[in-house]
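The values are calculated or read from the model by the stated rules, or taken from the named source; none is laboratory data. Please read these numbers as outputs of a predicted model, since none were measured by experiment. Cβ atoms come from the backbone with ideal geometry, glycine included; neighbour counts cover every protein chain shown.
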Amino acid sequence: MSEIINFNISEIIPTREEILREQGVSQGIEVKEKINKLILKALDIFKSKAQPVGILSEISIKGFEEVFIGEGKNAKDTPLENIFPQADYLALFALTISKKVSETISKFFKENDFAIGSLLDSIATLASYKGTKVIEKYFQKSIQKKHLTKQETTVLSYSPGYCGWHISGQKKLFQFLRPEKIGLSLNASFLMTPLKSVSGIIVYGKKEIHIFQDNYPFCLECKTHSCRARMKKLINQ
Ligand code: SF4
């Protein structure tokens, strides 16, 4: 059974430093007062337009096998196919920041107001990331409460379109989770509307199951190698 989760905006608002880093400004670099004012303006717009909401549904390992196979387009070998069978619990999730935020970003770009449009875009991206962390923690707490488990476990999410899980995997994920209930839809290219949304699987289990080498064939084209930072954070938790 799925559960709708309403966010408190304060849980997902990024800091000024995070926004600047997302904009490519290195840590410690001072920016002009004009930029600081624009950040405050973009944050105010975000707060007035955002209506973040998520949906979560526990799924068995067997059930997720079918979701993960999707349309049969995944890479031959992927990190996730080795991780999820070792999970203690799994949950599909989706969240969206709101249609109004995405529409406002498009409006600013259409009107050639790139500075505020780009800042709002960064804020929404960071808020989606923070929202994912909120849902991960929510799932972790609910499992610990339900099963009275106190063992050393962690939660980490994975999404279609990354690390060998083909983007078409969204189709099965949507069929199972039904995120239409929170206003999300999929287009023919399997992209979500509104754009500032995230979906995927949350894996609850021992830390070690999330540790892998970034030497899959598709890693050669990866620009971020973000799995390294995720693992580092996990190990230092
Ligand atoms: S290097 Fe990139 S593509 Fe490869 S596993 Fe890490 S994040 Fe995924």
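If ILE202 passes every condition in (1) within 13 Å of the ligand (Cβ to nearest atom); (2) β-branched (Val, Ile, Thr); (3) modelled with pLDDT of 95 or more but one, which one does it miss? Among (1) within 13 Å of the ligand (Cβ to nearest atom); (2) β-branched (Val, Ile, Thr); (3) modelled with pLDDT of 95 or more, ILE202 violates only (1).
For the subset of the stretch 1-19 comprising residues that are in a helix (DSSP H, G or I) and free of Cβ contacts under 8 Å to residues at least 60 places away in the same chain, which member is nearest to LEU184 (Cα to Cα)? Quick ask: steps written out before the conclusion?
Kept after step one, since they are in a helix (DSSP H, G or I), are these residues of the stretch 1-19: 9-11, 16-19.
Subset that is free of Cβ contacts under 8 Å to residues at least 60 places away in the same chain: 9-10, 16-17.
Details: ILE9: 19, SER10: 22, ARG16: 29, GLU17: 30 Å.
Out of the qualifying residues, it is ILE9.
Results for (1) modelled with pLDDT under 95; (2) touching a Gly at 6+ places or on another chain (Cβ under 6 Å); (3) over 24 Å from SER157 (Cα atoms); (4) of a type outside the set (S, T, N, Q), shown as yes or no for each residue.
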{"site": "ASN8", "(1), (2), (3), (4)": "yes, no, no, no"}
{"site": "GLY28", "(1), (2), (3), (4)": "yes, no, yes, yes"}
{"site": "ASN36", "(1), (2), (3), (4)": "yes, no, yes, no"}
{"site": "SER48", "(1), (2), (3), (4)": "no, no, yes, no"}
{"site": "SER60", "(1), (2), (3), (4)": "no, no, no, no"}
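Can you tell me how many residues in the stretch 20-52 are part of a helix (DSSP H, G or I) and either basic (Lys, Arg) or more than 17 Å from the chain's Cα centre (by Cα) (or both)?
19
Output the qualifying pairs, or none if there are none: Cβ atoms under 6 angstrom, residues six or more apart or on different chains, first residue in the stretch 199-224 and closer than 16 Å to GLY164 by Cβ, second residue surrounded by 13 or more Cβ atoms within 10 Å (Cβ to Cβ) and among the small types (Gly, Ala, Ser). If the second residue must be surrounded by 13 or more Cβ atoms within 10 Å (Cβ to Cβ) and among the small types (Gly, Ala, Ser), the pairs left are GLY200/SER157; GLY200/SER159; VAL203/ALA87; PHE218/ALA75; PHE218/GLY164.
Restricting to the stretch 198-227, give me the number of residues that are more than 19 Å from GLU136 (Cβ to Cβ) and either in contact with a Lys or Arg (Cβ under 7 Å, 6 or more places away or on another chain) or outside any loop (DSSP other than H, G, I, E, B) (or both).
Matching residues across the stretch 198-227 total 6.
Applying the set (1) surrounded by fewer than 20 Cβ atoms within 10 Å (Cβ to Cβ); (2) in contact with a Pro (Cβ under 7 Å, 6 or more places away or on another chain) to ILE123 leaves exactly one unmet item: (1). In summary, LEU234 fulfils each of the numbered conditions (1) within 15 Å of the ligand (Cβ to nearest atom); (2) free of Cβ contacts under 8 Å to residues at least 60 places away in the same chain; (3) under 18 Å from ALA87 (Cα atoms) with the single exception of condition (2).
Residues are listed down the side, and each one gets a yes or a no for (1) at pLDDT below 95; (2) within 16 Å of the ligand (Cβ to nearest atom); (3) not basic (Lys, Arg):
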{"site": "GLU136", "(1), (2), (3)": "no, no, yes"}
{"site": "SER142", "(1), (2), (3)": "yes, no, yes"}
{"site": "LEU156", "(1), (2), (3)": "no, yes, yes"}
{"site": "PRO160", "(1), (2), (3)": "no, yes, yes"}
{"site": "SER168", "(1), (2), (3)": "no, no, yes"}
{"site": "PHE174", "(1), (2), (3)": "no, no, yes"}
{"site": "LEU195", "(1), (2), (3)": "yes, no, yes"}
{"site": "VAL198", "(1), (2), (3)": "no, yes, yes"}
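Right, LEU184: within 16 Å of the ligand (Cβ to nearest atom), within 16 Å of the chain's Cα centre (by Cα), over 17 Å from VAL67 (Cα atoms) and not polar (S, T, N, Q) or not? Show your work before the answer.
Values: within 16 Å of the ligand (Cβ to nearest atom): no; within 16 Å of the chain's Cα centre (by Cα): yes; over 17 Å from VAL67 (Cα atoms): yes; not polar (S, T, N, Q): yes.
So LEU184 fails the test.
Take HIS210 and tell me if it is in contact with a strand residue (DSSP E or B) (Cβ under 9 Å, 6 or more places away or on another chain), within 13 Å of the ligand (Cβ to nearest atom) and more than 25 Å from ILE97 (Cα to Cα). Full working, then the answer.
Working: in contact with a strand residue (DSSP E or B) (Cβ under 9 Å, 6 or more places away or on another chain): yes; within 13 Å of the ligand (Cβ to nearest atom): yes; more than 25 Å from ILE97 (Cα to Cα): yes.
Spelling it out, HIS210 is indeed in contact with a strand residue (DSSP E or B) (Cβ under 9 Å, 6 or more places away or on another chain), within 13 Å of the ligand (Cβ to nearest atom) and more than 25 Å from ILE97 (Cα to Cα).
Pairing each residue of the stretch 152-180 that is at positive phi with any residue that is modelled with pLDDT of 95 or more, provided the two are 6+ apart or on different chains, yields C-beta distances under 6 Å for GLY161/ILE167; CYS163/PRO79; GLY164/ASN74; GLY164/ALA75; GLY164/THR78; GLY164/PHE218.
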